[in-house]
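Have a look at the structure below before the remarks.
None of the figures in this text is laboratory data; all of them are computed from the coordinates on show. Just so we're clear, the structure is a prediction, and the values are computed from it rather than from any experiment. Don't worry about glycine lacking a Cβ; one is built from the backbone with ideal geometry, like all the others, and counts go over all protein chains shown.
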Amino acid sequence: MSNQNINQYLLKVQVFATSRIDERSGVSQKTGKDWYIRNQEAYIDLGGQFPVMVKIPLQKDQIPYGPGNYYVHPSSFRVSGYSDLQVSDIVLVPSDEK
């Protein structure tokens, strides 16, 4: 592996104009508290033949990502108390690619 083109190692995500927003809410049967989940459909390039569909979490009032190319921001990852790398809430940053 070479560091000459770091962009080839970054996680690339594409959002389309037709990417759906999924919103769900309800009341937890266990706790009785309200819950709310909101996701946006996107496609991530994992190096295979085709990109893979993923759901990007959105905050309740967050403006959805517009159509375009993005990279996964480093703040999307965290280290657990056992020093394991974990994925946190995904944050996307615009790519220069069109």
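Of the chymotrypsin sites (Phe, Trp or Tyr not before Pro) found in segment 44-89, those that fall in a DSSP loop while having at most 11 other beta-carbon atoms within 10 Å are TYR82. Net charge dipole, the chain: roughly 260 debye, given to the nearest 20, about the Cα centre with Cβ charges of +1 for Lys and Arg and -1 for Asp and Glu. Among the listed options [x] 19.4, 72; [y] 12.5, 38; [z] 16.0, 53, the one matching Rg and Dmax of the Cα atoms in Å as calculated from these coordinates is [z]. Other residues within the sphere of radius under 11 Å centred on the Cβ of ALA42, judged by their own Cβ, net out at +1 (K and R +1, D and E -1). For the peptides 21-30, 36-45, the ranking by packing is 36-45, 21-30, with the highest mean count of neighbouring Cβ atoms within 10 Å listed first.
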